[in-house]
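Comments concern the structure below.
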């Protein structure tokens, strides 16, 4: 009887430990641009983001003509952070850097007045997009060490005032600016959780002709006329300035396609063994019409390098 009681006690303690164990989660969200962007030339890109995208009425003022990416950090089922990098409400427009300051294509590197999205604003946008399906997300189940690094990072990011710089060199861990996607991805970066598939599929790479890049990168002044009528990506042999960006549109499309492929495999074989992220089988998730992926990476040791690289 004593042995049986002791066994029951051990089982109870074990189950209680599982029930009350702390859980941690990082969620990466991606909105597609209001209309698909054409990256075949700078002018076609500008037309899609600056004009065509603005004529789309879906999602109103929150249409995000170039897309948007942001993050959420959760502990024990409760939200700790929901935010993303964006331009400040009173920030000058992109056009100002081109028309007034001669940045030309260097506007893609321009450090702008930034801010962090409020959770209330993003909550409203998510509720709206769960109805249309125009959002993809990937939920990472993480361990306590990863959570603590992420929490320390966002707290110090604000304290150092780095949230006031948008775009720039897109190196948030150096404090030199961050677009929305670079900011969101930096949380995975500080924990060493960026899979090669992400760097292969989510980064947009183009070469800008140095002659058309003005501003701090080159010190050049590029006229408006030159920007409008001669803008092109660098040709073979032309002196170039490389641009590499985590692209919300590529992120969204990859997540959508990966979910579709995995679901097809599930219907055919009943498992996900051929579809893996970070070497892990993933699960499906759904919120309204929006679909997402869940990846358990709690057993992956987080990075131990310094959070800040400056």
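Read-outs throughout are calculated quantities, based only on the coordinates presented, and are distinct from any laboratory measurement. Keep in mind it's a predicted model, so treat the numbers as computed, not measured. Cβ: placed from backbone, ideal geometry, glycine included. Neighbour counts: every protein chain shown.
For the modelled label position 7 Å from the Cα of residue 225 along Cα-to-Cβ, which residues of the range 104-130 have backbone nitrogen atoms closer than 17 Å?
Within reach of a label on residue 225: 104.
Once both axes come from the Cα atoms, what is the angle between helix 248-269 and the longest principal axis of the chain, in degrees from 0 to 90, rounded to 10?
Approximately 40 degrees, to the nearest ten.
Step by step: find N for the range 136-194, compute 2.2 N^0.38 Å, then divide the Cα radius of gyration by it. What's the final number?
Working: Rg = 11.6 Å, N = 59, 2.2 N^0.38 = 10.4 Å.
For the range 136-194, the normalised Cα radius of gyration is 1.12.
Given contacts defined as C-alpha pairs under 8 Å and at least six residues apart, what's the relative contact order of the chain, whole-number percent?
Details: 570 pairs, mean separation 69.6, N = 310.
Result for the chain is 22 percent.
In the set [x] 133; [y] 203; [z] 171, which value of volume of the Cα convex hull per residue in Å³ was calculated from the structure you see?
Here the calculated entry is [z].
What is the angle, in °, between the Cα long axis of helix 180-189 and the longest principal axis of the Cα atoms in the chain? Nearest 10 is fine, range 0 to 90.
Roughly 40 degrees, rounded to the nearest 10.
Taking the 0 to 90 degree range and rounding to the nearest ten, how far is the long axis of helix 119-132 tilted relative to the main principal axis of the chain, both from C-alpha atoms?
The angle comes out at about 90 degrees.
If R0 is 22 Å, what FRET efficiency do you get for residue 303 and residue 239 from their C-beta distance, rounded to 0.05? Walk me through the numbers before you get to the answer.
On the way: r = 36 Å, r/R0 = 1.61.
With a Förster radius of 22 Å, E is 0.05.
Hey, with R₀ at 22 Å, roughly what FRET efficiency would residue 41 and residue 91 work out to, going by the Cβ-Cβ distance, to 0.05?
On the way: r = 26 Å, r/R0 = 1.19.
My answer for the efficiency is 0.25.
With springs connecting C-alpha atoms under 10 Å apart, model the chain as a Gaussian network and identify which of 236, 33, 196 has the largest mean-square fluctuation.
236
Run the simple label-point estimate for residue 256 and residue 204 please: 7 Å along Cα→C-beta, distance reported in nm.
It is 1.5 nm.
Highest first, please rank the peptides 171-184, 199-212 by the mean number of other Cβ atoms sitting within 10 Å of their residues.
Working: 171-184: 22.8, 199-212: 16.9.
Result, highest mean Cβ count within 10 Å first: 171-184, 199-212.
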